[in-house]
1. Has segment 135-154 got at least one residue that is surrounded by 15 or more Cβ atoms within 10 Å (Cβ to Cβ), under 21 Å from the mean Cα position of the chain (by Cα) and charged (D, E, K, R)?
2. Any chance you could count how many residues in segment 142-160 are hydroxyl-bearing (Ser, Thr, Tyr) and within 11 Å of Lys195 (Cβ to Cβ)?
3. Identify, please: which residue in segment 163-210 is part of a loop (DSSP other than H, G, I, E, B) and of a type in the set (D, E, K, R) and is, among those, nearest to Pro109 (Cα to Cα)?
4. Quick check on segment 72-94: of everything there that is at negative phi and touching a Cys at 6+ places or on another chain (Cβ under 7 Å), which residue is surrounded by the most Cβ atoms within 10 Å (Cβ to Cβ)?
5. Mind listing just one residue for me: the one in segment 119-134 that is in a loop (DSSP other than H, G, I, E, B) and basic (Lys, Arg) and, of those, surrounded by the most Cβ atoms within 10 Å (Cβ to Cβ)?
6. Name the single residue, out of those in segment 159-188 being of a type outside the set (A, V, I, L, M), within 19 Å of Glu205 (Cα to Cα) and touching a Gly at 6+ places or on another chain (Cβ under 9 Å), that is surrounded by the fewest Cβ atoms within 10 Å (Cβ to Cβ).
7. Restricting to segment 95-111, what's the tally of residues that are closer than 13 Å to Gly185 by Cα, buried (at least 21 other Cβ atoms within 10 Å of the Cβ) and of a type in the set (A, V, I, L, M, F, W, C)?
8. With the requirement that a residue be touching a strand residue (DSSP E or B) at 6+ places or on another chain (Cβ under 6 Å) and either closer than 20 Å to Pro172 by Cα or modelled with pLDDT under 95 (or both), what does segment 123-142 give you?
Amino acid sequence: MSEMDDQKVDDGTSNAITRRKFIMGVIAGGAVVGAASYHFLSPSHAPLPPYLGERLISLNVNGKVRRVDVMKQETLASTLRYKLGLTGAKMGCDRAECGSCTVLLDGVPYYSCSVLTHTVRGRKITTIEGLAAPDGTLHPLQKAIVDEQGFQCAFCMSGFTLAALAFLKKHPNPTRAELAHGVSGNLCRCQDYNKILDALTRGAEYMRRA
């Protein structure tokens, strides 16, 4: 602070204050006003404004109803990963081309990077985290993938698994070509398609036995 900071400031009364105290008072007042804007978050105060209440929605994810705050432009992939902690849906191209973010909506595969979260209220969302049994037992398709070591880096694995699951439920005994067509909406960066199809074919066998 310079000498000027200690100069008197005439506040219109006989009680003059220093410039230093005046600035400190302004800063303190601003902090109080800023903090007041957060008071509405406390349950002891008024309810949330309507525009915030509308963003809090319920989603049925892997058989459980989850309450989550979403923005109107928010994608399901973002909600699953960053709001619900379900990181199995991978963010690859983020423009509905690679399939790494595939999830099931009422049993049908969708690219979650291109689905707005608020549009899936009331639908059953299944992610890769929801396939295993509550006791940790793997789904037959997952077990086949482990047995065959069907993926190299496994970044695309969850998307392929869910796409294959939806296809195999409708076509339990496909040919290799039919299975390849059934998961053709998913891409593997490692281009390890032969091993992937071997694993998914074994998965079809396991599912038929289950």
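1. no
2. Summing the residues that are hydroxyl-bearing (Ser, Thr, Tyr) and within 11 Å of Lys195 (Cβ to Cβ) in segment 142-160 gives 0.
3. Among those residues, the one meeting the criterion is Arg189.
4. Ala89
5. Arg123
6. Selected residue: Lys170.
7. The total comes to 3.
8. Thr126
The values are calculated or read from the model by the stated rules, or taken from the named source; none is laboratory data. Not measured: the values here are computed from a predicted model. We place every Cβ from the backbone using ideal geometry, glycine too, and count neighbours over all the protein chains shown.
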